[in-house]
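Reading through the structure tokens given below for one structure.
What follows draws every value from the coordinates through simple rules; no lab data is involved. The model shown is predicted, which means the values in this text are computed figures rather than measured ones. Cβ placement follows ideal geometry from the backbone for every residue including glycine, while neighbour counts extend to all protein chains displayed.
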Amino acid sequence: MNSARSTPSAPAAARDWPPGLPLETERLIVRPFRESDFADVHEYASDPEVTRHLRWGPSAAPETLAFLRQAIAGVRTAGASQFHLGVVERKSARVRGGLSLLERAPGLVEIGYCFARPVWGLGYATEAVRSAARFAGVRFPGADLFGLVTPGNPASERVLLRAGFTPALDASPYAAWMTGVCSTARVFRQRCRPA
């Protein structure tokens, strides 16, 4: 069994991706990760400034590789309810960030994202989140799509607001996921609308 196709860490071919992927915008391609993305992903995953407001990180190299392998296998799962996707900058062909859609409970889908510092302030996060919200509308129609933003992270709040999210008036439906660094997070939400 030394065929690349039979190993769980082999790059997912486009034919193995769920319908609707990749997501393409003017400047970005949002697609399932590949193991060959390791160097780009580890650049931001190991950066303490990038991961400061996240539930994970900074990551050591074995953690980044384990994440990539899990993400690659997960996107191939029939009826997948978790999507960890790489955000590729078209002009450089480099993975400059990651974006996740996680079905936390029936009708509740969390969106999360992080980007390498060199692309902060370029609007990539907003562009990717808008695109992912459209995909979520197809994959999880009618679900409540929500993002958690930790205190002291106004840039992430701006991303969600620009992408059409609104602050949740009641955080209690999301309390089960407001743990650790997210225990005092603000919740932003929008309804997943079919495309």
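So how tilted is helix 61-75 from the main axis of the chain? Cα-based, degrees 0 to 90, rounded to 10.
90 degrees
Along the Cα-to-Cβ line of Val181, 7 Å from the Cα, sits a label point; which residues in the range 50-65 have backbone N less than 14 Å from it?
50-60
What ranking, highest mean first, results for peptides 56-65, 137-146 when packing means the other Cβ atoms within 10 Å averaged over each residue?
Highest to lowest by the protection proxy: 137-146, 56-65.
How high is the FRET efficiency between Arg117 and Ser172 when r is their beta carbon distance and R₀ equals 35 Å, given to the nearest 0.05?
Rounded to the nearest 0.05, the efficiency is 0.55.
What value, in deg cm²/dmol to 500, does the helix sum -39500 (n - 2.57) over DSSP H runs of n ≥ 4 give at 222 nm once divided by the residues of the chain?
-8000 deg cm²/dmol
To the nearest 20 debye, what is the magnitude of the charge dipole of the chain about its Cα centre, counting +1 on the Cβ of each Lys and Arg and -1 on the Cβ of each Asp and Glu?
About 400 debye.
Can you tell me the orientation of helix 124-139 relative to the chain, as the angle in degrees between its alpha-carbon axis and the longest Cα principal axis, to the nearest 10?
Value to nearest ten degrees: 90.
Please report, to two decimal places, log10 I(q)/I(0) for the range 20-191 at q = 0.08, 0.11, 0.17, 0.18 Å⁻¹ as given by the Debye formula with identical point scatterers on the Cα atoms and no solvent.
Debye output, listed in q order: -0.21, -0.41, -1.08, -1.24.
Using r as the Cβ-Cβ distance of Val138 and Trp56, and R0 as 41 Å, what FRET efficiency do you calculate, to the nearest 0.05?
After rounding to 0.05, the efficiency reads 0.90.
Ser92 versus Arg104, label points 7 Å from Cα toward the beta carbon: distance in nm?
The answer from the label model is 3.1 nm.
With 10 angstrom as the radius, rank Arg52, Arg27, Arg96 by how many other C-beta atoms surround their C-beta, starting from the fewest.
Fewest-to-most ranking of Arg52, Arg27, Arg96: Arg52, Arg27, Arg96.
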